[in-house]
Amino acid sequence: SKKTILPTVLSRAHLFEFKHATHVSDSTHSFIKANYAIRFETVKKIIDNLKDEKITKQDVIEFVEELESYTHAQGNTKLLKRIIEIKEYLKDPGASVKQLLEYLAVEI
């Protein structure tokens with residue numbers, strides 16, 4: 001709890017907030033278990049749906065949050081840190097969603 005940390009230490013710390021999902025969707029689970037080719041196909045579908053306005057950028061962020069929850073449960077801190085960074089980059093209006101998701105597809 002950040003309430004237990006001194007304000008001087010807290011001001012110099014990098015805080016990570018985790019949302020613990022109770023369920024990882026089948027599509028997210030399939031993405032994690034898939035090979036590179038299928039992951040890249042999935043990224044292409046996500047980008048196409050985003051361009052066609054079938055989904056929003058918030059939907060993409062929620063997908064990444066599911067990956068974050070799954071990775072957190074697995075205890076892979078190195079990958080978890082990268083997923084959190086990608087999620088933060090996605091919140092930037094000028095971020096390349098395609099490039100970030102492709103990077104994620106390779107890292108998983």
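Regarding residue 77, is this residue out of contact with any strand residue (DSSP E or B) (no Cβ under 9 Å at 6 or more places or on another chain), β-branched (Val, Ile, Thr) and open to solvent by 70 Å² or more (accessible area, probe 1.4 Å)?
On the way: out of contact with any strand residue (DSSP E or B) (no Cβ under 9 Å at 6 or more places or on another chain): yes; β-branched (Val, Ile, Thr): yes; open to solvent by 70 Å² or more (accessible area, probe 1.4 Å): yes.
Spelling it out, residue 77 is indeed out of contact with any strand residue (DSSP E or B) (no Cβ under 9 Å at 6 or more places or on another chain), β-branched (Val, Ile, Thr) and open to solvent by 70 Å² or more (accessible area, probe 1.4 Å).
Can you tell me which residues in the range 1-25 are of a type outside the set (Lys, Arg), modelled with pLDDT of 70 or more and over 21 Å from the mean Cα position of the chain (by Cα)? Selection gives 4, 5, 6, 7, 8, 9, 10, 11, 13.
Among the residues making up the range 26-71, those that are open to solvent by less than 40 Å² (accessible area, probe 1.4 Å) and more than 24 Å from residue 92 (Cβ to Cβ) are 32, 34.
Considering 40, 16, which residue is of a type in the set (Phe, Trp, Tyr) and either assigned to a loop (DSSP other than H, G, I, E, B) or free of Cβ contacts under 8 Å to residues at least 12 places away in the same chain (or both)? Walk me through how you get there before you give the answer.
Details: 40 fails: either assigned to a loop (DSSP other than H, G, I, E, B) or free of Cβ contacts under 8 Å to residues at least 12 places away in the same chain (or both).
Unique residue meeting the criteria: 16.
Using the structure shown, decide if residue 81 is basic (Lys, Arg) and at pLDDT below 90. No; evaluated as a whole, the condition is false for this residue. Residues in the range 88-102 that are over 11 Å from the mean Cα position of the chain (by Cα), assigned to a helix (DSSP H, G or I) and either free of Cβ contacts under 8 Å to residues at least 24 places away in the same chain or over 16 Å from residue 51 (Cβ atoms) (or both): 99 only. The residues of the range 85-107 that are within 19 Å of residue 72 (Cα to Cα), open to solvent by less than 50 Å² (accessible area, probe 1.4 Å) and of a type in the set (Val, Ile, Thr) amount to a single one, 86.
The values are calculated or read from the model by the stated rules, or taken from the named source; none is laboratory data. None of the values given here were measured: they were computed from a predicted structure. Cβ coordinates were reconstructed from backbone atoms using ideal geometry, including for glycine residues, and neighbour counts include every protein chain displayed. Just so you know, the surface numbers come from the protein's heavy atoms only, side chains and all, with ligands and any DNA or RNA stripped out. Shrake-Rupley method; radii C 1.70, N 1.55, O 1.52, S 1.80 Å.
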